[in-house]
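The values are calculated or read from the model by the stated rules, or taken from the named source; none is laboratory data. Predicted model only: the values in this text are computed from it and were never measured. Methodologically, a virtual Cβ is constructed for each residue, glycine included, from the backbone with ideal geometry; neighbour enumeration extends over all protein chains shown. For the accessible areas, the whole protein counts, side chains as well, though only heavy atoms, and no ligand, DNA or RNA atoms are used. Shrake-Rupley method; radii C 1.70, N 1.55, O 1.52, S 1.80 Å.
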Amino acid sequence: MKILGIETSCDETAAAVVTGEGEILSNVVRSQVEEHAPYGGIVPEIAARAHVSALDHIIADAMTKARTAYDELDAVAVTGGPGLIGGVIVGVMTAKAIAAARNLPFLAVNHLEGHALTARLTDGIEFPYLLLLVSGGHTQLLIVEGVGKYCRLGTTIDDAIGEAFDKTAKMLGLNYPGGPAVEKAANDGSPGKFSLPRPLKGRDGCDFSFSGLKTAVRTTIEKLPSGALKEADIADICAEFQSAVADVVSDRVSNAVTAFRSRHPIGNTLVVSGGVAANTAIRSALSGVADSQNLQFVAPPPNLCTDNAAMIAWAGVERFKLGLTDQLDFAPRPRWPLDPEAPTAPFAGVKA
Ligand code: KG4
Ligand code: ZN
């Protein structure tokens with residue numbers, strides 16, 4: 001079995017071909033970082049236009065690298081949401097055109113399911129497992145119970161974790177995307193020289209909050225003597241910020257492990273995915289939680305944690321094997337929760 005996957009929901013234009021056994025025959029990703037860098041964040045209209053001009057070439061490249069002809073494909077899978085709707089439409093229309101022209105089954109994949117199932121592609125792990133999904137748009141703790149079967153334990157009540165990294169970087173005059181820039185600067189600094197809060201740490205539940213931390217970074221910068229920010233201050237603020245985020249993540253994930261175990265006493269794996277999973281401090285905090293709780297810890301390689309189409313093709317493989325194909329009248333979805341039954345997160349500072 002060979003499935004073509006297409007991803008255009010954010011700022012990466014990507015295509016990949018993956019086999020039924022999980023062999024990645026090609027995985028082509030074109031980042032739009034340069035187009036968005038002057039604005040310090042993603043501009044949806046620019047993203048959609050960049051997907052339009054790049055996607056055909058990226059797909060052709062993925063097919064060539066996979067040495068695969070269209071008549072050797074078994075299906076076409078595409079991110080059907082959630083995401084920036086202009087980009088999602090570009091991918092979905094293109095996938096539908098290929099499916100119609102080549103008479104192939106069409107699969108609309110939830111982008112979050114792509115991230116959620118990546119660990120099965122890379123490490124072949126069994127259901128159920130506990131997943132921390134941390135990206136520029138999402139911060140969620142989920143129990144992955146099966147294809148299409150998710151139980152959301154917690155989410156962010158304000159900013160996503162990657163967004164907090166990106167905004168902190170912007171306030172400190174660092175480059176976009178902010179996550180890698182903050183991590184690099186933090187390597188030259190020490191936590192504790194400045195003091196930042198650990199929002200929701202020690203509280204019940206598995207929700208996250210990052211807007212107070214972001215505000216604390218701003219007020220810390222404002223309190224510095226006027227003039228240009230010194231490099232040493234930037235490094236120390238980044239180190240403290242990263243340490244605060246890692247503390248909060250450990251705390252929330254520990255609560256999630258308890259909830260996971262009470263629902264699935266045999267569950268023994270913690271997985272991290274999403275762009276922020278590339279962060280070494282966060283990975284080592286998670287690996288510490290896993291060790292202390294006797295869980296196996298799985299973190300897919302960074303190029304499969306950030307947005308890519310191999311994860312979409314693989315989610316397509318898993319769905320196709322179960323006969324879960326979609327019709328060509330599928331409508332792109334800006335919002336698409338993995339667990340529609342999950343309660344909405346309570347407001348920060350208010351006991352639920
Ligand atoms: O999963 P992803 O590639 O795209 C989304 O779906 O959002 O995640 C991008 C996010 C950005 O916010 C970026 O700053 C963050 O992941 N990121 C990191 C690191 N590398 C990327 N955050 C912290 N540390 C990193 N090393
Ligand atoms: Zn993503």
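Per-structure values
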{"item": "Matching entry among Ala116, Ala169 (being without any contact (Cβ under 8 Å) to a residue 24 or more places away in the chain and within 16 Å of ligand 1 (Cβ to nearest atom))", "result": "Ala169"}
{"item": "Qualifying residue in the stretch 118-133 (condition: within 16 Å of ligand 2 (Cβ to nearest atom) and open to solvent by 10 Å² or more (accessible area, probe 1.4 Å))", "result": "yes"}
{"item": "Residues that are among the hydrophobic types (A, V, I, L, M, F, W, C) and more than 16 Å from ligand 2 (Cβ to nearest atom), drawn from the stretch 1-34", "result": "Met1, Ile3, Leu4, Val17, Val18, Ile24, Leu25, Val28"}
{"item": "Qualifying residues in the stretch 201-220 (those that are out of contact with any Pro (no Cβ under 6 Å at 6 or more places or on another chain) and assigned to a loop (DSSP other than H, G, I, E, B)) - the one nearest to ligand 1 (Cβ to nearest atom)", "result": "Phe210"}
{"item": "Tabulated pairs, the stretch 47-63, first assigned by TED's automatic domain parsing to the domain that holds Ala77 and open to solvent by less than 50 Å² (accessible area, probe 1.4 Å), second polar (S, T, N, Q) and in a helix (DSSP H, G or I), C-beta under 8 angstrom, 6+ apart or interchain", "result": "Leu55/Thr94; Ile59/Thr94"}
